[in-house]
Amino acid sequence: MSQLQKKWLFCLLAIACLHPAISSPLALLVGFVLANLGWLPSDWDLGKLTKKLLAISIVGLGFGIPLQQAIDASVGNLPLILGSILLTLLAGTALTRVLGLDRRVGHLIASGTAICGGSAIAAVAPAINARNEQTAIALACVFVLNSVALFVFPVIGHLLQLSQHDFGVWSAIAIHDTSSVVGAASAYGEEALKTATTIKLARALWIVPLAAISALLFGGKGKLNIPGFILFYCLAIAITSLLPQGQFIYQELFALAKRALVVCLFLIGCGITLRKLKQSGSKPLLLGVILWLFIGSSSLGYILWQG
């Protein structure tokens, strides 16, 4: 297949993901298949495109979140948010030593599990002077588990008959990346989506202190790289509250952002190959799985106990 044919195929599939008939898990799977068949354009920087589209999509979601709902969801779940972050980081540090894993790789995986996956890893990596290959290994582990969560979480939610609110809280706490949180929550329902998005972005704010503390723990010479989309997301919520007369426009932006996130999952799938997974080795993935099961089961237990 020529480069031109690959580009046409890629663009057609990306556009198809905007259609409601294409679910989040299906979009991810299509991207994964495309990558492993070698049918992606080799001269396009899909990683950069994914980051930009994801940031824009998350900001768009802010136009569908009422300000009071955002405040209530964030404050009401503050103990769970802080507790899960702290416990995951501590468990990650201990397990990294037990497994004999590289300290920086272990910290990146723990950071991604504790807060918001790839965004946290991208922010913490320069703060601890992580090498590109160390960052890539952590990202690969997180992306794999995100992919699994996208399929598994809605099934578990329905089996346990979780309410829309409870599923939104659980997915925001236990799924790594915002894109996968939104994908799983949107498959569960509109209320689950709004709850999950609000809490996930509230968690994402903790990237700032985490990156700063990480820089000190690893020598204090790293750089802070804080995602700007978090601030713009908060601004979008504020605009909907201050200018309520634009509700029709806000709802259209919100709907468009939800479909754009499905395209993001297609792009993320394009970045996952079997070769990359083999290169990362078993120990990083083992650490990621243990931490993921830990935060998933403990947060679910807490939510069920509270209910």
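Quick notes on this structure:
- Under 14 Å, Cβ to Cβ, from LEU46 - net charge with Lys/Arg +1 and Asp/Glu -1: +4
- For the peptides 84-94, 189-199, residues were scored by their other Cβ atoms within 10 Å and the scores averaged per peptide; the highest-first order is 189-199, 84-94.
- Fraction of accessible area attributable to carbon and sulfur, segment 265-307 (%, probe 1.4 Å): 67
- Cα gyration tensor shape of segment 134-263, rounded if a/c is under 1.5, else prolate or oblate by comparing a/b with b/c: oblate
- 3J(HN,Hα) from dihedral phi, segment 202-207, Karplus parametrisation 6.51/-1.76/1.60, rounded to Hz, x for glycine, proline: 5, 5, 4, 4, 7, 4
- Under Karplus coefficients 6.51, -1.76 and 1.60, residue-wise ³J(HN,Hα) of segment 250-256 in Hz, glycine/proline x: 4, 5, 5, 5, 5, 5, 5
- With all protein chains kept in place, the per residue accessible area of segment 94-194 amounts to 33 square angstrom at a probe of 1.4 angstrom.
- Prolate/oblate/rounded label for segment 22-112 (Cα gyration tensor, a/c 1.5): oblate
- Each residue of segment 176-190 was assigned a 3J(HN,Hα) from its phi angle through the Karplus expression (A = 6.51, B = -1.76, C = 1.60, θ = phi - 60°), giving 5, 7, 4, 4, 6, 4, 5, x, 5, 5, 5, 6, 8, x, 5 Hz with x at Gly and Pro.
- When Rg and Dmax of the Cα atoms in Å is calculated for this entry, the matching label among (1) 20.0, 70; (2) 18.6, 57; (3) 24.5, 85 is (2).
- With all protein chains modelled, accessible area of HIS165 [1.4 Å, Å²]: 70
- Residues of type aspartates and glutamates that LYS200 reaches as a straight line, Cα spacing below 13 Å, ignoring anything fewer than 8 places off in the same chain: ASP177
The values are calculated or read from the model by the stated rules, or taken from the named source; none is laboratory data. Everything numeric in this text was worked out from a predicted model, so none of it was measured. Counting neighbours? That spans all protein chains shown, and the Cβs are built from the backbone with ideal geometry, glycine included. Accessible surface is based on the protein model in full, side chains and every heavy atom, while ligands, DNA and RNA are left aside. Shrake-Rupley method; radii C 1.70, N 1.55, O 1.52, S 1.80 Å.
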